Structure formats: structure tokens, C-alpha cells
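Visitor: Submitted below is the structure of interest, expressed as C-alpha cells.
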Amino acid sequence: MSQVFKGRSILPATVEGQALVTRRGFNTLACFYKSILTHASTAVCGDQDNPELFGRVLTAQIICLPKSIGSTSAGATWDFVAKMGIAPAAMLFSEPIDSLSAAGLILADIWVGRRICTVDQLGAEFLAAVQTGQPLKIMTDGTVIFI
């Protein structure tokens, strides 16, 4: 039986793929800095403080997280990641998205033309239920279905 969760659609898109889950804050710069500096064709998480993601491929994944953490560099990081074509397919936040991540993801969509589907406010129950590798379908209205 599939589970269904409803969040707030920030950057709507219909996306299917596998979940990559962290129950820690997502430090955008720390996760992507090595891939940006080396001009990698695929982003591999470089954040050693996040053992759930460290060393895992982030490109084209559906990242499930509570919130993002870090500094004002997050917006510029999303711009670089989008320009390089190494962005995740989607970002699913259990909590409300922070303004820096929202701005960076929205600007990547507008300036680069690379939409990273973004949904927030999915709730603690979503983050407790989702597992890495879980097949997901995201609808434009912010509905997330475990398939």
C-alpha cells in the first residue's frame, strides 16, 4: 500500500525517482563544494559532517531532508549546481524551507532555466517514513506518493 504526503509546492514539477534521505540539516555548500571546484560531471556529497549523504551521488536524486543549514553561500551554490547540470531532481523538506535555499532554488529556475522540484512542509511523519532508495512520485500540487 502506498503512502501519500502533501506539502507546499515551491517549484512545482512532476518527478519520479528514488529518495536519498538525510535526517540532518543539509549544508548546501559543504555538499557541493568539491564537485563545483573540480567541475565534476556528477555531484558527489562532500559534507563529512553528514554521514547519511557523504560520498553519495546527489545529481538527479530526490533529496529528502528536514531543513538546510549553512551560510548565505547557499543561493550561489544552487546557481552553480544548476549551471553545471549536476543538480538533484528534487528537494523535499519536512520543515518550512529557509529563505536562502528558497531564493537560490528559485533563482536557479529563473536565471539558469533549471527547475529543481521543491516541496516543503511535508511533516515529520514524512521524514520518519521515507527511506533511501524508496521510489517516489512528486505531483505538481506538492503531493508525494511512495510507489
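Visitor: What number, in percent, do you get for the relative contact order of the range 4-146 if the mean sequence gap of Cα pairs under 8 Å and at least 6 apart is divided by its residue count?
Guide: 36
Visitor: To continue, here is another question. With both partners inside the chain, how many of the DSSP beta bridges are antiparallel, as a percent to the nearest 5?
Guide: 55
Visitor: If a helix is a whole DSSP H run, which ones in the chain reach 20 Å or further along their own axis (Cα) and hold a mean Kyte-Doolittle hydropathy of at least 0.0?
Guide: The qualifying helices: there are none.
Visitor: For Glu95 and Thr38, what is the calculated FRET efficiency with R₀ set at 41 Å and r taken between the beta-carbons, to the nearest 0.05?
Guide: Calculated value: 0.85.
Readers should treat all values here as calculations from the given coordinates under stated rules, not as data from a laboratory. Treat the numbers as computed from the prediction; the structure is a model and nothing was measured. Backbone-built Cβ (ideal geometry, glycine too); neighbour counts: all protein chains shown.
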